[in-house]
Amino acid sequence: MTCALALVASMLVAAAPAERVVALVPLGKVDPALLKVAVEAIEAKVACKVRVESERELPKAAWYAPRKRWRAEKLLEALGQDPPQGTWKVVGFTAAEISTTKGSIADWRVGGQGEVGGRACVVSSWINERHAKTKADLHRRIADLVVHEVGHTLGAAHCESKGCVMRDAEGRLLETQDASTGQFCDACRKKVGEATLRR
C-alpha cells in the first residue's frame, strides 16, 4: 500500500505543470523601487513568478545616434538572442529613452514595446519619470505600462475598450495610463486565456 501511494504521489508531481517564470532584466541603471513595482504588477495580474535578473548594459547596437535614444526593437532582439535560462517570458526594463518606427514615422518615442504572442517585451520609465507629479502617480503608471507590454507577449494586441490596460496610447501615453483601470477587459482576457491570468 505504501509503495502504491508513493507511486501515485510521484506521478502527480511529475504531471504538475512547471511554474511559469518571468525574467525581469534591468537594462542599464534602474531604480530598484520601480523594479519592485514591476514585479508586483506582473505577479498580481499573471499566474507566474517574476525573477529579477542581474543588470545588463544597454546593447550598443540599439543606440540611435540621430535622436540620442535607444531603439526598442533592437532591445527586444538582444533579449531574444540571450534570454535568461528557464524563463517563460522576458521583460527588459530601462530608464533610458526608447523609440521605434510607427507607420510613416521613422523614430517614434514609446513607453514600451512587446512581441504579440512572443516571448519578450521592453519597458522604459523615461517618460513617466519626467512627467509624474507624485511617486504614487509614477508607480501606478509604471504598473499599467508593464502589464500592458506583458499583455502583448500573452497574445493581446491593442484594444479599443475604454479603461482596458491594452488600450493603444496613440501618442497620449500619460492620458491613456490615467484612464486605465489596470485590468484586461473581457475580450482581452479571452485572448490571453483565463488560465494565464490571476482571478
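The values are calculated or read from the model by the stated rules, or taken from the named source; none is laboratory data. Model, not experiment: these values are computed from the prediction. When we count neighbours, we look across all protein chains shown, and the Cβ atoms used for this are built from the backbone with ideal geometry, even at glycine. Calculation scope for accessible area: heavy atoms of the full protein, side chains included, ligands and nucleic acids excluded. Shrake-Rupley method; radii C 1.70, N 1.55, O 1.52, S 1.80 Å.
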Against the conditions (1) more than 16 Å from the chain's Cα centre (by Cα); (2) within 14 Å of L27 (Cα to Cα); (3) of a type in the set (G, A, S), where does A106 fall short? Just the number, please.
(2)
Hits in the stretch 150-184 - residues which are open to solvent by 70 Å² or more (accessible area, probe 1.4 Å), farther than 15 Å from E43 by Cα and in contact with a Cys (Cβ under 8 Å, 6 or more places away or on another chain):
R167, T181
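Which of the residues that make up the stretch 190-199 are open to solvent by 60 Å² or more (accessible area, probe 1.4 Å) and assigned to a helix (DSSP H, G or I)? Lay out the reasoning, then the answer.
First pass over the stretch 190-199, keeping only residues open to solvent by 60 Å² or more (accessible area, probe 1.4 Å): 190-191, 194-195, 198-199.
Within the stretch 190-199, K190, K191, E194, A195 meet the criteria.
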Can you list residue pairs whose Cβ atoms sit under 8 Å apart, with the first residue in the stretch 115-143 being of a type in the set (S, T, N, Q) and the second being in a loop (DSSP other than H, G, I, E, B) and at pLDDT 95 or above? Count only pairs 6 or more apart in sequence or on different chains.
S124/A95; S124/A96; S124/E97; S124/G111; S125/V30; S125/D31; S125/A95; N128/G111
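Among the residues of the stretch 112-133, write down those that are assigned to a helix (DSSP H, G or I) and surrounded by fewer than 16 Cβ atoms within 10 Å (Cβ to Cβ).
Filtering the stretch 112-133 down to residues assigned to a helix (DSSP H, G or I) leaves 126-131.
Passing the criteria: E129, R130, H131.
Which strands (runs of 3 or more DSSP E) does the stretch 34-111 wholly contain that include 3 or more residues that are of a type outside the set (V, I, T) and open to solvent by 60 Å² or more (accessible area, probe 1.4 Å)? Outline the logic, then answer.
Values: elements: 49-52, 69-71, 89-94, 98-102, 105-110.
Here the list reads 105-110.
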Limited to the stretch 161-199, what total is found for residues that are in contact with a helix residue (DSSP H, G or I) (Cβ under 6 Å, 6 or more places away or on another chain) and small (G, A, S)?
3
Here is a list: A136, A187, A143. Which entry is within 30 Å of D82 (Cα to Cα), modelled with pLDDT of 95 or more and either open to solvent by less than 50 Å² (accessible area, probe 1.4 Å) or of a type outside the set (S, T, N, Q) (or both)?
A143
